[in-house]
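Contents: one structure, followed by commentary.
Throughout, read-outs are computed from the coordinates displayed, never taken from laboratory work. Computed from a predicted model, the values in this text were never measured in an experiment. Reconstructed Cβ throughout: ideal geometry from the backbone, glycine too, with neighbour counts over all protein chains shown.
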Amino acid sequence: MSKYNLNWQATDEQLLDALLLATGGEGGATLQDVLLMIDALDSDVLAMQDLEQGLEKLVSAGFVLVQKNKLALTEQFLARYEEATLNSAEETPESPLQKLLSQTPLTEAGIQQARNETLKKYKLKNYYQQYLEQFG
């Protein structure tokens, strides 16, 4: 059995949606801005585990990258999201983000690489704790 969750969760979509809104599709956003956007959209605060697993998946899929202390969406994601949005005129119950995530496979090796190479240097727990102390 895999030690990583290789299925997309609703919290992953929440995180991606909040990133899209917090960045406006360009540049980066702090984790605090992303978490505030999730709270504003869904009146929800993601658990640390959901946040960590979601970022690992989104980085491994090539949708999110870390730039210094900010999270940013990749050009690859933005292009695929634009295409999914344009094709969403079809009557489907899935949102463009749900459809995009469901079409993107996850691998254990990709998640491991995202964890060890990209997110290891990003002080996720520190930023999360700061957010909770200030807004939690």
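Summing Cβ point charges (Lys, Arg +1; Asp, Glu -1) relative to the Cα centre of the chain gives a dipole of roughly 780 debye.
Using a Förster radius of 25 Å, what is the FRET efficiency between GLN130 and GLU94 based on their Cβ-Cβ separation? Nearest 0.05, please. Before the final figure, lay out the partial values.
Values: r = 35 Å, r/R0 = 1.38.
Result of the calculation: an efficiency of 0.15.
Each 5 Å bin from zero up to the one holding the largest Cα-Cα distance in the chain carries the following percent of pairs: 2, 10, 21, 24, 22, 13, 6, 2, 0. Of the trypsin sites (Lys or Arg not before Pro) found in region 36-136, the ones in coil according to DSSP and having at most 12 other Cβ atoms within 10 Å of their Cβ are LYS68, LYS120, LYS121. Site pair THR118 and ALA47 shows an inter-label distance of 2.4 nm when each label is modelled 7 Å from Cα along Cα→Cβ.
Compute the Cα gyration tensor for region 17-66, then decide on rounded, prolate or oblate, letting a ≥ b ≥ c be the square roots of its eigenvalues: rounded whenever a/c is under 1.5, prolate when a/b is larger than b/c in the other cases, and oblate in all that remain. Oblate is the answer for region 17-66, as a/c is 1.5 or above yet b/c matches or exceeds a/b.
Summing Lys and Arg as +1 and Asp and Glu as -1 over all other residues whose Cβ lies under 12 Å from the Cβ of LYS120 gives a net charge of +1.
For the chain, what does -39500 (n - 2.57) per DSSP helix run (n ≥ 4), summed and divided by total residues, give at 222 nm, in deg cm²/dmol to the nearest 500?
Numbers: 7 runs with 76 residues, N = 136.
Theoretical 222 nm ellipticity from helices: -17000 deg cm²/dmol.
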